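One structure is given below, encoded as structure tokens.
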Ligand SMILES: Cc1cc2nc3c(=O)[nH]c(=O)nc-3n(C[C@H](O)[C@H](O)[C@H](O)COP(=O)(O)OP(=O)(O)OC[C@H]3O[C@@H](n4cnc5c(N)ncnc54)[C@H](O)[C@@H]3O)c2cc1C
């Protein structure tokens, strides 16, 4: 695909959408947002934008779609597989302002969050009401829930509890043409049409921009034990 290079007119349009203060073209920011935690790669975007509302993201996507400008979503930039690297330049949409926990529904064991919420912050908040969100990538102190969904991240607790995929009920997302959709419903049983929710999980930002996530929660375990199993040989770990 041949992509369009950004012109000053495109930058002006982006400034009209999100405001001048949230459009960055300076060297320092382009370099900062041109890398994540993947080795030493740097792919500088042509512009970084920090939208504050879903409708602003929709407008950005419409503009990019009309002019064939590449768009890369970015959470906290802790990815190790280059998903947030803008290899074709274009626009980085940073989701850092989308950092609100919108609702913790204690009766239905669910929470609705914005994708920029940090995993650790979310875990601590749900703990306060005796609920538990298990996915625990080692980067949990700095990675965002949107990035976790886009990578279906998991950590040590995945062995017992599963990964991010197992906790996503529904997603609000902005499609490449600017349409805003919900992928499913806030229920465990939902069998209408294709499973767009699970299509989005693990899609690494290639299908659209995640703007809200509804997570399933479970009751906070009463006990938390660390088990130490001494093994004379590593291969005995996989023997029954
Ligand atoms: C020290 C360290 C330890 C780590 N440990 C683990 C681990 O134990 N398990 C594990 O799975 N990973 C681990 N990671 C990798 C990384 O932290 C995870 O993949 C994490 O989920 C990335 O989240 P992020 O917010 O930093 O996303 P980013 O790096 O910003 O982006 C990751 C991907 O998500 C997409 N994305 C981000 N936000 C959105 C959005 N709103 N809509 C659409 N797409 C979006 C990006 O385009 C990109 O493809 C580790 C990383 C580090 C540096």
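Average projected area of the Cα convex hull of segment 93-153, in nm²?
Values: hull surface 16.3 nm².
For segment 93-153, the mean projected area of the Cα convex hull comes to 4.1 nm².
With 16 Å as the cut-off, how large is the P(r) tail for segment 113-234, expressed as percent of Cα-Cα pairs?
Details: 4668 of 7381 pairs.
Roughly 63 percent, once rounded to a whole number.
Would you mind getting me the FRET efficiency between residue 108 and residue 67? Use the beta-carbon distance for r and R0 = 51 Å, nearest 0.05.
Numbers: r = 42 Å, r/R0 = 0.83.
Computed FRET efficiency for residue 108 and residue 67 comes out at 0.75.
Translational diffusion coefficient of segment 8-94 at 25 °C, 0.890 mPa s, Stokes-Einstein with Kirkwood Rh over Cα pairs, in µm²/s as a whole number.
Numbers: Rh = 12.9 Å.
In µm²/s, the coefficient is 191.
Starting from the Cα gyration tensor of the chain, multiply each eigenvalue by 5, take the square root, and state the resulting semi-axes largest first in whole Å.
Values: eigenvalues 233, 92, 52 Å².
That gives 34, 21, 16 Å for the three semi-axes.
Helix 8-18 versus the longest principal axis of the chain: what is the Cα-based angle in degrees, 0 to 90, to the nearest 10?
Tilt relative to the chain: about 50 degrees.
Report the full-extension gain for the segment residue 12 to residue 130: residue separation times 0.36 nm, less the Cα-Cα distance, to one decimal in nm.
Contour length minus Cα-Cα distance gives 37.7 nm.
Within 10 Å, count the other beta carbons around each residue, average over each peptide in 180-190, 125-135, 44-54, and list them highest first. Can you show the working numbers first?
Details: 180-190: 14.4, 125-135: 17.2, 44-54: 20.1.
Top of the packing list down: 44-54, 125-135, 180-190.
Please arrange 40, 179, 136 by how many other C-beta atoms lie within 10 Å of their C-beta, fewest to most. The partial results should precede the final answer.
Details: 40 5, 179 12, 136 20.
If I rank by nearby Cβ atoms, fewest first, I get 40, 179, 136.
With the crude spin-label approximation of a point 7 Å out along Cα→Cβ, what separation in nm comes out for residue 123 versus residue 189?
3.3 nm
Please compute the contact order of segment 1-100 in relative form: average sequence separation of alpha-carbon pairs under 8 Å and at least six residues apart, divided by the residue count, as a percent.
Working: 173 pairs, mean separation 32.8, N = 100.
Once divided by the residue count of segment 1-100, the mean separation gives 33 percent.
Per DSSP helix of 4 or more residues, -39500 (n - 2.57); summed, then divided by the residues of the chain. What does that give at 222 nm, rounded to the nearest 500?
Counting only the DSSP helices, I get -6500 deg cm²/dmol.
I need 239, 165, 74 ordered by Cβ neighbour count within 10 Å, fewest first.
On the way: 239 7, 165 17, 74 25.
Least to most surrounded, the residues fall as 239, 165, 74.
What distance in nm separates the simple spin-label points at residue 31 and residue 207, each placed 7 Å from Cα in the Cβ direction?
Simple spin-label model gives 3.7 nm for this pair.
With everything on Cα atoms, drop me the angle between helix 54-67 and the longest principal axis of the chain, reported from 0 to 90° to the nearest 10.
The two axes meet at around 50 degrees.
What Kirkwood radius, in Å to one decimal, follows from the Cα pairs of segment 48-145? Provide the component values of the computation, followed by the final result.
Details: mean 1/r = 0.0671 Å⁻¹.
Across segment 48-145, the inverse of the average 1/r is 14.9 Å.
Could you calculate the contour length gain from residue 239 to residue 166, that is, 0.36 nm times the residue separation minus the distance between their Cα atoms, to one decimal place in nm? All intermediate terms of the calculation are to be shown ahead of the outcome.
Working: separation 73, 0.36 × 73 = 26.28 nm, distance 2.71 nm.
Working it through step by step, the gained length comes to 23.6 nm.
What length, rounded to one decimal in nm, is gained on full extension from residue 2 through to residue 182, with 0.36 nm per residue of separation minus their alpha-carbon distance?
Between residue 2 and residue 182, full extension yields 61.8 nm more.
Every read-out reported here was derived from the displayed coordinates using simple, explicitly stated rules and does not represent laboratory data. Since this is a predicted model, take the numbers as computed values, not measurements. For neighbour counting, all protein chains shown are included, and Cβ atoms are generated from backbone atoms with ideal geometry for every residue, glycine included.
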